[in-house]
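The values are calculated or read from the model by the stated rules, or taken from the named source; none is laboratory data. None of these values were measured; they are calculated from a predicted model. Virtual Cβ from ideal backbone geometry, glycine too; neighbours counted across all protein chains shown. For the accessible areas, the whole protein counts, side chains as well, though only heavy atoms, and no ligand, DNA or RNA atoms are used. Shrake-Rupley method; radii C 1.70, N 1.55, O 1.52, S 1.80 Å.
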Amino acid sequence: MSAEQMPVPAGLVVLVGPPASGKTAFVRELVARGSLDPEAVVSSDAIRAELFGDEGADAVCDAADARIFDERDRRIAGRLAAGRTAVAESTNVTPQARARLAALAERFGAPVTVLRFPQGEADLLRQNAERPRDDVSAADVRAYAALMRRDADEARLRAEGAAFVYDVPGRGQGVTPAEAARRFTFRRA
């Protein structure tokens, strides 16, 4: 990927990548640089922690997930209704996860930009092992990576309604989150 600036319009930004692919580090850098308001980032992991506290990592059941993703959708809808950017920070590797988000964007006439995090499996496993949290196993990482390879190529993402699809480079390509963040320009409403 070239080092040219990639424009991201105000609207819905959907991060797509397996666990440990660098999504959280990337958005933290965007916030630190002032490219995004902290409130623009709507993280399912952060909502899980807000709703369930220290037991957040253990709150993995259908009822907990429904509550988490309903809250995520409520927050995203509020930002899109106000004409502001919302960043959906979760894995979003399945068409079902993205369809729910695309429906929200369509409801508010917001463009969808997908930022893909296509890291190699060996890099993902190494990064997962380095993470302080231990709630995601190597088997989970492999499964999410396989889903992404199968269900999240650029053609499919565009067919699902993405106006823009960009790959975000990571450690596997020798790019730090700060360097990756500098490659994107977020337009404000």
Residue among VAL136, VAL175 that is surrounded by 14 or more Cβ atoms within 10 Å (Cβ to Cβ), hydrophobic (A, V, I, L, M, F, W, C), assigned to a loop (DSSP other than H, G, I, E, B) and without any contact (Cβ under 8 Å) to a residue 60 or more places away in the chain: VAL175
Output for Cβ contacts, cut-off 6 Å, separation at least six or different chains, first residue open to solvent by less than 50 Å² (accessible area, probe 1.4 Å) in the range 144-164, second assigned to a helix (DSSP H, G or I) and modelled with pLDDT under 95, reads ALA145/GLU121; ALA145/LEU124
What's the number of the condition ALA105 fails, among (1) within 17 Å of PRO18 (Cα to Cα); (2) in contact with a Pro (Cβ under 9 Å, 6 or more places away or on another chain); (3) open to solvent by less than 70 Å² (accessible area, probe 1.4 Å)? (1)
What's the total number of residues in the range 113-127 that are open to solvent by less than 20 Å² (accessible area, probe 1.4 Å) and either out of contact with any Gly (no Cβ under 9 Å at 6 or more places or on another chain) or farther than 19 Å from ALA180 by Cβ (or both)? 1
Tally the residues that are free of Cβ contacts under 8 Å to residues at least 24 places away in the same chain and either crowded, with 17+ Cβ neighbours inside 10 Å or touching a Phe, Trp or Tyr at 6+ places or on another chain (Cβ under 6 Å) (or both), restricting the search to the range 1-30. 0
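Conditions (1) open to solvent by less than 70 Å² (accessible area, probe 1.4 Å); (2) of a type outside the set (Lys, Arg); (3) at pLDDT below 85; (4) in contact with a Ser or Thr (Cβ under 7 Å, 6 or more places away or on another chain), marked per residue:
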| site | (1), (2), (3), (4) |
| --- | --- |
| ILE47 | yes, yes, no, no |
| ALA57 | yes, yes, yes, no |
| ALA66 | yes, yes, no, no |
| ARG84 | no, no, no, no |
Qualifying residue in the range 145-159 (condition: assigned to a loop (DSSP other than H, G, I, E, B) and out of contact with any strand residue (DSSP E or B) (no Cβ under 6 Å at 6 or more places or on another chain)): yes
